[in-house]
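Novice: I have a structure I would like to understand better, so I am pasting it below and will then ask my questions one at a time.
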Amino acid sequence: SNKIKKGATSDFMEIERQRGISVATSVMGFEYKDIKINILDTPGHEDFAEDTYRTLTAVDSVIIVIDGAKGVESQTRKLMNVCRMRNTPVMVFVNKLDRPCKDPFDLLDELESEFGIGTYPMNWPIGCGIGFKGVYDREAHRILAFGDSHRGRDRLSAIECDITDTAKLDELIGQADREVLTEQIELLEGACFDFDMEQVRCGKLSPVFFGSALTNFGIEPFLEAFLKLTPPPLSRVADCGTVDAFDPGFSAFVFKIQANMNKAHRDRLAFMRICSGKFERDTEYFHVQGGRKMRLS
């Protein structure tokens, strides 16, 4: 319960901390393996959906988090429709595997029918709830084992273990789970979509990951894969034509304005997506709608 009370790091407003939901989009940046990642955490609640749709204009890819027990919810469906209109690359993280969940094949069917795109499981869950043993990494042929120690947010070490190594698998997850896993992986190899990076980049195929965010299980492998799969900042189409991401001239658009966050000030904060060049303080830039130059301090 202490973990839940702490709330999400990105929920900074008082009402968000009280209610445990995101009300406004917040932006956080961090470096991971020398790559700068900007996370735009959007509200999932339908009452604040407009903020989410505006934010989608600024991102290069989208991570959709699905509750393993609830599956695709109505707001997620609307969000995905916007992503498909823009051909935004989408990655899916199926969460809460340490609790009772739907059958993973049923979840994949639901994702494909609701989203209208193909799915490619990057890893595969071994059980769920109390019987959750971990995930099998399909590409690296290794097991990421889940145990009680991982509830304490320990750093996870993957165990190299090929699906054909039945003796080692039996020792690791037990014979019953091994038999189910090998059967499911065999079924996956024959029935699921082939992995195609071009299809992923144009939003036609979604890589799917399984894990448990609260216990920090499966997050690191997801981040590793995210860096490989997500596109870097790309050129953008505007009224004036295509803006080349490598153009040295500065260009940007404001995708969100947040006002009155501090009662002591008449404050207003503009969130700006840079499309090319570099922003510099106290420089005059041309404001397209206003048709004039303005100094941005």
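The values are calculated or read from the model by the stated rules, or taken from the named source; none is laboratory data. What you see is a predicted model, and the numbers here were worked out from it, not measured in a lab. No Cβ is skipped: glycine too gets one built from the backbone with ideal geometry, and neighbour counts run over all protein chains shown. Protein only, heavy atoms only, side chains kept; ligands, DNA and RNA dropped before computing areas. Shrake-Rupley method; radii C 1.70, N 1.55, O 1.52, S 1.80 Å.
Novice: Taking the chain as a whole, which cysteines find no other cysteine Cβ under 4.7 angstrom from their Cβ?
Specialist: Taking the Cβ cut-off of 4.7 Å, the unpaired cysteines of the chain are Cys83, Cys161, Cys192, Cys202, Cys240, Cys275.
Novice: GNM, the chain, Cα, under 10 Å: largest mean-square fluctuation among Glu189, Glu31, Glu179?
Specialist: Highest fluctuation of the listed residues: Glu31.
Novice: So what are the radius of gyration and Dmax for the Cα set of the range 60-101, in Å?
Specialist: When restricted to Cα atoms, the range 60-101 yields Rg and Dmax of 11.3, 34 Å.
Novice: Here's something else I'd like to know. Would you please classify the overall shape of the range 211-291 from the alpha carbon gyration tensor, given that a ≥ b ≥ c denote the square roots of the eigenvalues, rounded means a/c under 1.5, and beyond that prolate means a/b larger than b/c while oblate covers the rest? List each step's numbers first, then the result.
Specialist: Values: a/c = 2.93, a/b = 1.33, b/c = 2.21.
Cα axes put the range 211-291 in the oblate bin.
Novice: Then there is this: For Lys70 and His265, what does the FRET efficiency come to when R0 = 35 Å and r is the distance between their Cβ atoms, rounded to the nearest 0.05? Before the final figure, lay out each step's value.
Specialist: On the way: r = 40 Å, r/R0 = 1.15.
Efficiency computed from Cβ-Cβ geometry: 0.30.
Novice: Another question about this same structure. Which order do you get for Arg77, Arg138, Arg281 if you rank them by accessible area with a 1.4 Å probe, largest at the top?
Specialist: Arg281, Arg77, Arg138
Novice: Along Cα→Cβ, 7 Å out, is where each label goes; now give me the distance between the ones at Val254 and Ile39 in nm to one decimal.
Specialist: 2.7 nm
Novice: Can you give me the solvent accessible area of His141 with a 1.4 Å probe, rounded to the nearest 10 Å²?
Specialist: 80 Å²
Novice: If you don't mind, there's one more thing I want to ask. Looking only at Thr166, Thr119, Thr215, which one moves most when the chain is put into a Gaussian network model with springs between Cα atoms under 10 Å?
Specialist: Thr166
Novice: Could I ask something else about it? Name the residue, out of Arg201, Arg84, Arg266, whose mean-square fluctuation peaks in a Gaussian network model built on the chain with Cα pairs under 10 Å.
Specialist: Answer for the Gaussian network model of the chain: Arg266.
Novice: Report the label-to-label distance for Gln289 and Glu186 in nanometres (one decimal), using points 7 Å from each Cα along the Cα→Cβ vector.
Specialist: 6.1 nm
Novice: Note down the magnitude of the dipole of the range 194-297 about its Cα centre, charges +1 on Lys and Arg C-beta and -1 on Asp and Glu C-beta and zero elsewhere, to the nearest 20 debye.
Specialist: For this selection, approximately 700 debye.
Novice: May I pose another question? Can you send over the solvent-accessible area of Leu187, 1.4 Å probe, protein chains only, in Å² to the nearest 10?
Specialist: 100 Å²
Novice: Rounded to two decimal places and with Rh computed the Kirkwood way over Cα pairs, what is Rg over Rh for the range 138-297? It would help to have the intermediate numbers written out before the result.
Specialist: Values: Rg = 24.5 Å, Rh = 21.0 Å.
Result for the range 138-297 is an Rg/Rh of 1.16.
Novice: Also, I was wondering about something else. Output the DSSP H helices from the chain with an along-axis C-alpha extent of no less than 20 Å and a mean Kyte-Doolittle hydropathy no less than -0.5. Before the final figure, lay out the partial values.
Specialist: Numbers: long enough: 175-191 (24 Å, -0.38).
Counting only whole DSSP H runs, the qualifying helices are 175-191.
Novice: Between Phe250 and residues 5 or more places away or on another chain, which pairs have amide H atoms under 5 Å apart, with H built 1.01 Å from N, and which residues are they?
Specialist: Lys278
Novice: Starting from 0.36 nm per residue, how many nanometres of slack lie between Leu296 and Ser113 once their C-alpha separation is accounted for?
Specialist: On the way: separation 183, 0.36 × 183 = 65.88 nm, distance 4.65 nm.
Length gained between Leu296 and Ser113: 61.2 nm.
Novice: I need the P(r) histogram for the chain: all alpha carbon pairs, bin width 5 Å from 0 out to the longest distance, whole percents.
Specialist: For the chain, the pair-distance distribution reads 1, 4, 10, 14, 16, 15, 13, 10, 7, 5, 3, 2, 1, 0, 0.
Novice: From the protein chains alone at 1.4 Å, what is the descending order of accessible area for Val94, Val82, largest first? Kindly include the intermediate steps, with their values, before the conclusion.
Specialist: Details: Val94 0, Val82 25 Å².
Output order, biggest surface exposure first: Val82, Val94.
Novice: A further question on this structure: Given a Förster distance of 30 angstrom, what is the FRET efficiency for Arg77 paired with Asp282, based on the Cβ-Cβ distance and rounded to 0.05? Please list the in-between numbers first.
Specialist: Values: r = 45 Å, r/R0 = 1.50.
Approximately 0.10, to the nearest 0.05.
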